[in-house]
Amino acid sequence: MRANRPKSTGPELRLQRLLQIARIKGYRVNAQDLPGRPDLVFPTEKVAIFVNGCFWHRCPFHGRSLPRANRDYWRLKFQLNRERDRRKERALKEAHWRVVTIWECELSRNPNLSIKRVRAALSRGQAVHAR
Ligand SMILES: [Zn+2]
């Protein structure tokens, strides 16, 4: 488990597989040139996707338990991670990107929901372009 991931990790690959099954195309992986380096981007629709690990990014859907040892360290570490996530999202939104955050647990428990959220973001993008 690493906070900074130079290449695709398990949950990201899982999402890519789901997108493939759903026949959703046109994305790029690890966009180095965008704020926060989103895990996946759809350049045409300007949709950026983060696939977040529940532990590092403090998923809101289940327990936010702290490791038993070095609690102060972990508290600070997680706080910094979350602030960085918020900064990334803000920077992308300011550049007119739509941001979708997909949690690791959602991806395993309800992959259809993840795909639905990606689709929703993409179709809104097209509506914007059509104007
Ligand atoms: Zn979670």
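The values are calculated or read from the model by the stated rules, or taken from the named source; none is laboratory data. For clarity, every value in this text was computed on a predicted model and none was experimentally measured. So basically every Cβ, Gly included, is an ideal-geometry build from the backbone, and we count neighbours across all protein chains shown. Heads up: the accessible areas ignore ligands, DNA and RNA and are worked out on the full protein's heavy atoms, side chains in. Shrake-Rupley method; radii C 1.70, N 1.55, O 1.52, S 1.80 Å.
The table below lists the values:
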{"read-out": "One residue from 71, 64, 109 being more than 16 Å from the ligand (Cβ to nearest atom) and on the phi < 0 side of the Ramachandran plot", "value": "71"}
{"read-out": "Pair list, Cβ < 7 Å and 6+ apart or interchain, from segment 103-119 residues that are over 10 Å from residue 52 (Cβ atoms) to residues that are more than 9 Å from the ligand (Cβ to nearest atom) and open to solvent by 20 Å² or more (accessible area, probe 1.4 Å)", "value": "111/18; 114/18; 115/18; 115/22"}
{"read-out": "All positions within segment 24-57 that are within 16 Å of the ligand (Cβ to nearest atom) and more than 12 Å from residue 101 (Cβ to Cβ)", "value": "55, 56"}
{"read-out": "Near pairs, Cβ below 8 angstrom, 6+ apart or cross-chain, from segment 13-28 (within 16 Å of residue 43 (Cα to Cα) and open to solvent by 40 Å² or more (accessible area, probe 1.4 Å)) to any residue that is among the β-branched types (Val, Ile, Thr) and not in a loop (DSSP other than H, G, I, E, B)", "value": "27/41; 27/49; 28/41"}
{"read-out": "Residue list for segment 76-102, restricted to those being touching a residue at least 40 places away in the same chain (Cβ under 8 Å), in contact with a Lys or Arg (Cβ under 9 Å, 6 or more places away or on another chain) and open to solvent by 50 Å² or more (accessible area, probe 1.4 Å)", "value": "96, 98"}
{"read-out": "Every residue from segment 86-112 that is part of a helix (DSSP H, G or I) and out of contact with any helix residue (DSSP H, G or I) (no Cβ under 6 Å at 6 or more places or on another chain)", "value": "86, 87, 88, 89, 90, 91, 92, 93, 94, 108, 109, 112"}
{"read-out": "Inter-residue pairs, beta-carbon under 6 Å, first open to solvent by less than 80 Å² (accessible area, probe 1.4 Å) and modelled with pLDDT of 85 or more and in segment 55-75, second aromatic (Phe, Trp, Tyr) and within 16 Å of the ligand (Cβ to nearest atom), 6+ apart", "value": "58/78; 59/103"}
